[in-house]
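Quick note: the coordinates plus some simple rules give every number you see, no bench work behind them. Please read these numbers as outputs of a predicted model, since none were measured by experiment. Note that each Cβ is placed from the backbone with ideal geometry, even for glycine, and that neighbours are counted across all protein chains shown.
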Amino acid sequence: MKKVMPREEYCLGCQLCEIACAVEHSKSKDVVTAMKYEEPKPLARTRVEIEGDTMLSLSCRHCDDAPCLTVCMGGALYRDADGAVRHNPERCVGCWMCVMVCPYGALSRSADVSKAIAVKCDFCPDRSMPACVEACPNGALVLVEVDV
Amino acid sequence: MRYVLIGNSIASANAVAGIRDVDPEGEIVIVDAENTFCYSRPLISYYLAGEVPVERMAYRPREFFDLHRAQIVTAKVEAIRPDAREIDLDSGDRLAYDRVLVSTGGVPFVPPIDGLEGGGVFTFTTLTAARALEAVARPGAKAVVLGGGLIGVKAAHALIERGVEVAIVELGKSLMPLALDEVSGRIVSENARSQDIELFLEDTVSAVQRNEAGAVVGVELASGTHIPCELLVVAVGVRPNAALVSEAGGAVERGVVVDRQMKTSIENVYAAGDVAQGYNLLTGENQVIAILPVAAWQGYAAGRAMAGDDYQYAGGMPMNSVDVFGIPIISVGLIAADGFDVYERLDEDAKVYRRFLVRDGRLYGAILVNEIDRAGILTGLIKHGDDVGGIIDKLLDGTPSFAVLPKGLREGKLFKKVLKEWAAV
């Protein structure tokens with residue numbers, strides 16, 4: 001399948017990918033409403049890492065042998081028909097087994113204290129181009145056919 | 001080819017996937033004594049707490065088994081007869097197999113204790129056991145949980161959610177002594193006490209006291225302490241349920257002895273999950289590691305091997321993610337410090353703690369308390385034996401990240417199979 005790959009030599013750490021991702025997963029889908037006024041605040045599922053001069057945006061690799069999917073006790077994580085690994089919040093119990101085994105650190109914990117659940121990249125099922133890739137002005141995120 | 005899988009378990013479900021990745025045609029029959037569905041054992045505490053209904057306990061839905069054409073038969077397996085390549089069922093029927101997987105899991109270990117026989121005493125490893133507890137765990141009841149490990153902590157949590165008053169008795173110096181070191185053990189134990197959970201550490205139950213009617217009225221501890229209670233949950237450990245293999249003449253040590261293809265010492269007989277003594281990639285030895293991820297990975301490897309593939313089990317290691325009365329912890333790999341350099345960061349006020357075991361630049365164990373985000377990056381480094389000698393402090397100081405990894409290591413992990421395609425971008 002096609003995957004989103006980071007190109008760190010082009011990344012400036014601007015975090016526009018994070019904003020585009022959060023907006024795509026917001027209720028309003030409007031950047032100002034989503035980022036300034038929505039409760040709960042929409043979460044980005046990609047994460048810009050910055051360490052000195054090293055910068056890259058990292059999200060789920062939708063692995064062929066996804067360990068998160070194997071260890072998910074609630075059956076919340078599943079392989080969708082298009083090959084993406086997706087998450088059903090209804091079945092998530094917040095056990096963090098996926099957080100424990102994802103080698104890319106691609107699953108986060110939602111901030112909802114009453115029922116914290118895992119949050120991850122859903123590969124933008126409603127778009128032809130994932131929001132993070134489209135938002136990157138530098139070509140530091142690209143959609144390529146790979147075998148990860 | 002007929003594959004018979006004994007136990008409708010996590011290992012079996014993954015064996016089905018493994019078999020079908022190699023053999024789309026063969027017949028798959030799952031035989032299980034009581035369960036008509038494949039549920040996640042760790043969910044029983046969520047069930048007892050009222051957080052997850054039975055309908056949501058399936059590890060894989062019925063459609064998964066239908067899709068892979070795996071037939072499920074309800075029967076107890078009495079024996080494996082390798083010479084005839086048949087198993088005997090309690091119905092008197094026999095079932096022929098070409099390959100058989102033993103994934104019978106573990107059974108709770110119940111130590112001999114005076115007065116244990118009778119009502120009011122429970123274990124906590126199956127849905128049946130959780131339902132038995134559910135029937136008696138009413139608000140205001142008083143329970144003693146013997147064992148402060150993973151199962152005991154989860155049982156106690158669920159009982160508290162139901163309004164039961166809980167005391168935990170643990171032989172070790174802290175809660176979760178097998179998954180935590182002294183510092184993290186102290187943090188979670190102090191936190192439990194701050195929530196009015198009674199903890200009796202370095203102690204054990206020596207006798208169960210009953211009234212004339214035979215009902216439990218309390219327990220007496222080795223220290224002489226008396227705790228009044230109506231319920232006792234015994235959660236001191238689980239033993240491999242390996243009788244089918246040993247009675248068939250197969251090698252059993254602590255668990256069923258298996259090779260890297262999960263094959264037992266008996267031809268055409270495989271074992272996976274809590275019953276098996278599989279490869280530990282950190283120690284290089286075989287060991288029972290009774291956790292869901294290991295059962296899943298072993299089951300998948302067994303399935304492929306049974307179908308004739310040369311796939312080998314990569315090996316497992318201990319790993320636990322658990323909320324201990326409000327403190328999330330993740331513990332991966334080895335715990336005992338002997339022979340390792342120990343690196344730690346402790347923020348006592350925030351109850352945030354990280355501890356790594358390192359030898360020759362390689363990470364062998366990680367304990368994270370309260371801040372567990374992106375722990376899987378560490379798990380990956382431990383599993384692959386990566387050289388992280390130069391970046392230990394950076395991994396310790398904050399949330400683990402890829403950006404702190406050496407460039408070559410990072411690119412290898414991100415692009416190891418894609419360099420060719422990458423060059424074309």
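Report the antiparallel proportion of the DSSP beta bridges in the protein assembly as shown as a percent, rounded to a multiple of 5.
Looking only at bridges with both residues in the protein assembly as shown, the antiparallel portion is about 65 percent.
For chain A, what is the calculated [θ] at 222 nm in deg cm²/dmol (nearest 500), taking -39500 (n - 2.57) for each run of four or more DSSP H residues and dividing by its residue count?
My calculation for chain A gives -3500 deg cm²/dmol from helical runs alone.
Per DSSP helix of 4 or more residues, -39500 (n - 2.57); summed, then divided by the residues of chain B. What does that give at 222 nm, rounded to the nearest 500?
Roughly -7000 deg cm²/dmol at 222 nm, from the helical runs in chain B.
Whose amide H sits under 5 Å from the amide H of B:R210, counting only residues 5 or more places off or on another chain, with H placed in the peptide plane?
Amide H neighbours of B:R210, under 5 Å, 5+ apart: B:V217.
Among B:T36, A:T54, B:T225, B:T264, which comes first, then next, by fewest other beta-carbon atoms within 10 Å?
With the sparsest Cβ surroundings first, the list reads B:T36, B:T225, A:T54, B:T264.
Going out from 0 in 20 Å bins, what whole percent of all Cα-Cα distances in the protein assembly as shown drops into each bin?
Calculated over all Cα pairs of the protein assembly as shown, the distribution is 20, 52, 26, 2, 0 percent.
For region B:369-384, just list the computed ³J(HN,Hα) in residue order, Karplus coefficients 6.51, -1.76 and 1.60, θ = phi - 60°, integers in Hz, with x standing in for Gly and Pro.
10, 6, 9, 10, 4, 6, 4, x, 4, 5, 4, x, 5, 5, 4, 8
Which ³J(HN,Hα) values, rounded to whole Hz and listed in residue order, are derived for region A:70-84 from phi using the Karplus coefficients 6.51, -1.76 and 1.60 in 6.51 cos²θ - 1.76 cosθ + 1.60 with θ = phi - 60°, glycine and proline given as x?
5, 8, 5, 6, x, x, 7, 8, 8, 8, 7, 4, 7, x, 6
Within region B:1-24, which residues have the backbone N less than 17 Å from the label spot 7 Å out from B:N268 along Cα→beta-carbon, could you tell me?
Under cut-off, by backbone N: B:1-6.
Skipping prolines and chain starts, which residues have an amide H placed within reach, meaning under 5 Å, of the one on B:L334, given they are 5 or more residues away or on another chain?
B:G365, B:A366
Only bridges with both residues in region B:121-236 count here: give the DSSP antiparallel percent, nearest 5.
35
Under the definition of Cα pairs under 8 Å and six or more residues apart, what whole-number percent is the relative contact order of region B:121-236?
32
Treat each spin label as a single point 7 Å out from the Cα along the C-beta direction, and report the B:K173 to B:F109 distance in nm.
2.1
Need one number: % antiparallel among DSSP beta bridges in chain B, to the nearest 5.
So the antiparallel bridges in chain B amount to around 60 percent.
Enumerate cysteines in chain A without a disulfide-compatible partner, where compatibility requires another Cys Cβ under 4.7 angstrom.
A:C11, A:C14, A:C21, A:C63, A:C72, A:C92, A:C95, A:C102, A:C124, A:C136 - these cysteines have no disulfide-compatible partner (Cβ-Cβ under 4.7 Å) in chain A.
Pick out, in residue order, every one of the GluC sites (Glu not before Pro) in region B:107-171 that is DSSP loop and has at most 12 other C-beta atoms within 10 Å; say none if there are none.
The qualifying sites are B:E117.
With θ set to phi - 60°, apply the Karplus curve 6.51 cos²θ - 1.76 cosθ + 1.60 along region A:37-42 and write out the HN-Hα couplings as whole Hz, x wherever there is a Gly or Pro.
10, 6, 10, x, 4, x
By counting other Cβ atoms within 10 Å of each Cβ, how are B:C229, A:C102 ranked from fewest to most?
Ranked by crowding around the Cβ, least crowded first: B:C229, A:C102.
List the GluC sites (Glu not before Pro) within region B:1-82 that fall in a DSSP loop (any state other than H, G, I, E or B) and whose Cβ has at most 14 other Cβ atoms within 10 Å.
Sites meeting the loop and neighbour criteria: B:E25, B:E34.
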